[in-house]
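The structure appears right after this line, and notes come after that.
What follows is calculated from the coordinates using simple rules that are stated; it is not laboratory data. Here the structure is a predicted model, which means the values were calculated and not measured. No Cβ is skipped: glycine too gets one built from the backbone with ideal geometry, and neighbour counts run over all protein chains shown.
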Amino acid sequence: MREVIRIARRMVSTLQKFPFETRNGEHYFAQHPNAYYQRKRSGYQGVTFENQAKLPSLPVPELEETLRKYIQTIRPFCQTRNQLEEQKALCAKFAQDEGPELQQRLTRFAAESRNWLSRFWDDQAYLEYDDPVVPYVSYFYAHKPLPNSHAKIQSDPLIKATAIIVSVLRFLEAIKDEALPAEMIKNHPFCMNSFHLMFNNARIPGNGKDSNVFYSLHEHNYITVALKGNFYTVRTHNDDGKVLEPVNIWYQLYEITTRLSGRVQELTNAGIGTLTSQPRSEWYQSYSELMSNPMSRRSLDAIHQSSFMVCLDLDTSPVSWEEKSRFAWHGDGINRYYDKPLQFFVAKNGTSGFLAEHSKMDGTPTLLLNDYVCRQLRNLDVNTFMDQLKLEPFVEAIGAEHLPFLMTPAIRDQIKLAHSRFLRETAEHDLKVWHYNRFGKNAIKAFGFSPDSFIQQVIQLAVYKYLQKQVPTYEAASTRRFFKGRTETGRSVSVESAKFVADWEDPDVTDHEKITSLRASATAHTAYLKTASAGHGVDRHLFGLKNMLRTDEAVPDLFKDSLFKYSSTWLVSTSQLSSEYFEGYGWSQVNDNGFGLAYMLNKEWLHINIVNKPAASGLSVSKLHYFLTQAADEMFELLSKSEQPSSKL
């Protein structure tokens with residue numbers, strides 16, 4: 001039982017395909033179904049997925065409702081009255097001609113599925129997307145350093161990594177026991193589907209379309225650890241399925257960094273993970289060659305089946321906001337495996353972070369996982385934990401193992417090319433962190449604003465100050481109140497936001513009028529986001545109607561219109577995920593002509609990770625950083641001067 005790869009080799013031949021019990025359309029590979037193991041678990045509760053059958057299906061909005069909302073959202077981009085009338089005429093023509101038939105098809109299609117959007121969205125937004133997942137798709141969190149009271153953990157990367165692994169395993173055990181409570185938000189049960197899909201899985205490159213593979217949580221009790229571009233297995237449970245003591249986790253990490261890493265230096269496999277940074281079509285070619293060799297195939301299977309990945313970056317010590325963001329976002333392109341959905345990182349100085357592969361998971365489940373891990377680390381009794389590491393490790397039946405690959409000349413050339421491209425791609429992106437300490441969501445609430453709506457107004461005003469205009473702005477709105485719900489678009493530019501930014505910059509508008517416009521814009525933003533989260537936004541419905549077109553049918557004039565296309569060209573893409581235990585969250589811009597703005601709203605501070613491609617866009621992250629500060633300062637100062645907050649700031 002000692003060699004994980006030998007176990008994996010034996011198990012692969014006996015794995016069967018089982019549907020997930022929540023009937024989510026996905027399957028996992030296992031020797032036995034989950035129920036076989038759950039019956040044996042004394043702590044099994046069965047509550048995590050208890051509401052899945054009760055969740056409503058994703059609705060199909062009425063056609064007239066969507067077209068009416070669309071007209072309202074494009075008003076700020078219409079330069080003339082005639083342009084607005086042209087849009088109304090296009091919508092009226094669509095509503096009269098092609099629209100009803102496409103709506104009828106979508107309604108029939110939706111009747112056969114509890115989430116009509118799921119397959120279209122997963123495929124076209126992710127699995128058929130050819131650009132590299134890093135830096136273009138995956139998202140990251142940068143963890144706050146532990147407090148001085150935990151310096152013994154924070155200052156030692158192997159101890160910090162051990163603590164992270166132990167904490168993640170606690171979370172994983174809760175998923176196995178289905179003991180994680182099903183989420184309820186304002187009396188709405190939220191879909192927990194992503195928690196089925198977090199562990200023991202991988203994204204697999206394909207010929208024109210990728211796929212995802214899932215394995216039993218109960219049968220692959222090990223993780224993958226990366227060091228200097230090589231991969232190792234680390235056992236996490238004993239033969240009875242019990243989580244190993246921290247000293248046995250630490251000992252295997254120590255083995256990797258001493259005995260094993262020295263042993264493989266002459267026959268290094270460094271760089272296999274770099275291949276996952278390629279465009280998907282090119283990675284598929286490299287992957288096919290690797291899979292043609294039995295040894296390489298077994299190593300890839302071992303990585304895919306492992307619970308999650310931990311990357312030890314022991315030759316780097318990120319310090320600044322920007323360094324920590326890049327450390328978690330993309331690293332060096334060598335000591336990573338970007339197709340693994342859950343990757344944790346620990347640097348030489350104890351800096352830690354996380355990266356998520358996005359194709360099957362949006363941010364809220366991974367936010368919960370990372371927030372839990374960071375809280376667990378801070379709640380550790382340091383002396384007790386350090387004493388646990390002083391125990392004698394049980395080494396007879398455990399031991400880290402190196403995963404070997406056949407490094408042909410062709411594979412070595414592909415790695416070299418992939419890394420060169422990776423360095424070029426990441427260098428094309430500029431990144432600057434706006435970490436604002438003057439106020440946070442406590443002050444925003446004291447002024448009577450929704451914190452999310454308020455920071456969206458800060459963003460709109462900053463962009464307007466910079467560009468002298470508003471541009472199409474996306475905000476992710478969660479649709480998890482529906483079965484397999486993911487996201488809908490919140491359109492942040494509105495008639496009200498256009499008036500707000502214009503009024504704010506007009507010296508002839510009074511302070512009272514500026515604040516009135518600000519409040520009206522924030523209220524409109526909140527209203528649209530609620531509508532989007534309820535499945536009645538504009539963009540996903542129109543996306544669904546487009547997918548009802550048959551290959552031999554002409555594209556409706558509305559869908560071909562330049563303003564229609566421009567209104568969903570996300571030149572500013574935004575999303576919020578917040579934790580008091582993070583100091584970074586981010587991803588790439590969606591459109592190379594614009595910005596990606598990932599933001600956190602915390603009690604006493606605000607944080608935005610600003611990313612763009614300066615050469616492609618002609619825009620500066622430093623200038624937007626400046627205007628964000630100016631906008632936030634001006635709004636706070638005017639509210640402080642003109643209105644009495646409801647509580648002390």
Cα-Cα P(r), the chain, percent of pairs per 10 Å interval = 3, 15, 25, 26, 19, 9, 3, 0
Cross-link partners among aspartates and glutamates for Lys390, C-alpha distance below 20 Å, same-chain residues fewer than 8 apart left out?
-> Asp156, Glu245, Glu255, Asp381
Could you check what % of the DSSP bridge pairs in region 128-428 are antiparallel, to the nearest 5?
-> 75 percent
Find which of Val247, Gln376, Ser320 sits farthest along the positive direction of the dipole of region 128-428, computed with +1 on the beta-carbon of Lys and Arg, -1 on that of Asp and Glu, about the Cα centre.
-> Ser320
If you plug each phi of region 300-312 into the Karplus form 6.51 cos²θ - 1.76 cosθ + 1.60 with θ = phi - 60°, what whole-Hz ³J(HN,Hα) values come out, in order, with x for Gly and Pro?
-> 4, 4, 5, 5, 5, 7, 5, 5, 6, 10, 10, 10, 8
How far apart, in nm, are the 7 Å Cα→Cβ label points at Trp605 and Asp506?
-> 3.8 nm
What is the Cα centroid distance between region 28-73 and region 302-348, reported in whole angstrom?
-> 30 Å
May I ask for the distance between the Cα centers of region 376-410 and region 566-634, given as a whole number of Å?
-> 37 Å
With the dipole of region 233-346 worked out from charges on the C-beta (+1 for Lys and Arg, -1 for Asp and Glu) around the Cα centre, which of Met295, Phe308, Pro279 lies farthest toward the positive end?
-> Met295
Hull surface divided by four, with the convex hull built on the Cα atoms of region 128-428: how many nm²?
-> 16.1 nm²
Rounded to the nearest 0.05, what FRET efficiency do Thr384 and Tyr44 have when you use their Cβ-Cβ distance and R0 = 25 Å?
-> 0.35
For the pair Arg170 and Thr408, what calculated FRET efficiency results from E = 1/(1 + (r/R0)^6), where r is the Cβ-Cβ distance and R0 = 25 Å, to the nearest 0.05?
-> 0.05
Work out from phi, with θ = phi - 60° and the Karplus expression 6.51 cos²θ - 1.76 cosθ + 1.60, the ³J(HN,Hα) of each residue of region 446-452, listed in order in whole Hz, and give x for Gly and Pro.
-> 4, 8, x, 10, 5, x, 5
Local charge sum around Ser317 (other residues, Cβ-Cβ under 11 Å, Lys/Arg +1, Asp/Glu -1)?
-> -1
Can you list the lysines whose alpha carbon sits under 16 Å from that of Lys176, skipping same-chain ones fewer than 8 residues off?
-> Lys40, Lys242
Excluding same-chain residues fewer than 8 positions from Lys641, which lysines have a Cα within less than 18 Å of its Cα?
-> Lys445, Lys514
XL table Lys340/Lys530; Lys209/Lys613; Lys465/Lys546; Cα-Cα > 29 Å flagged, in table order, is Lys340/Lys530; Lys465/Lys546
Pop the C-beta distance of Leu391 and Leu84 into the FRET formula with R0 = 56 Å and round what comes out to the nearest 0.05.
-> 0.15
Considering Cα pairs under 8 angstrom that are at least six residues apart, work out the relative contact order of the chain and quote it in whole percent.
-> 20 percent
Helix-only CD estimate at 222 nm, as mean residue ellipticity for the chain, using -39500 (n - 2.57) per DSSP H run (n ≥ 4) | -13000 deg cm²/dmol
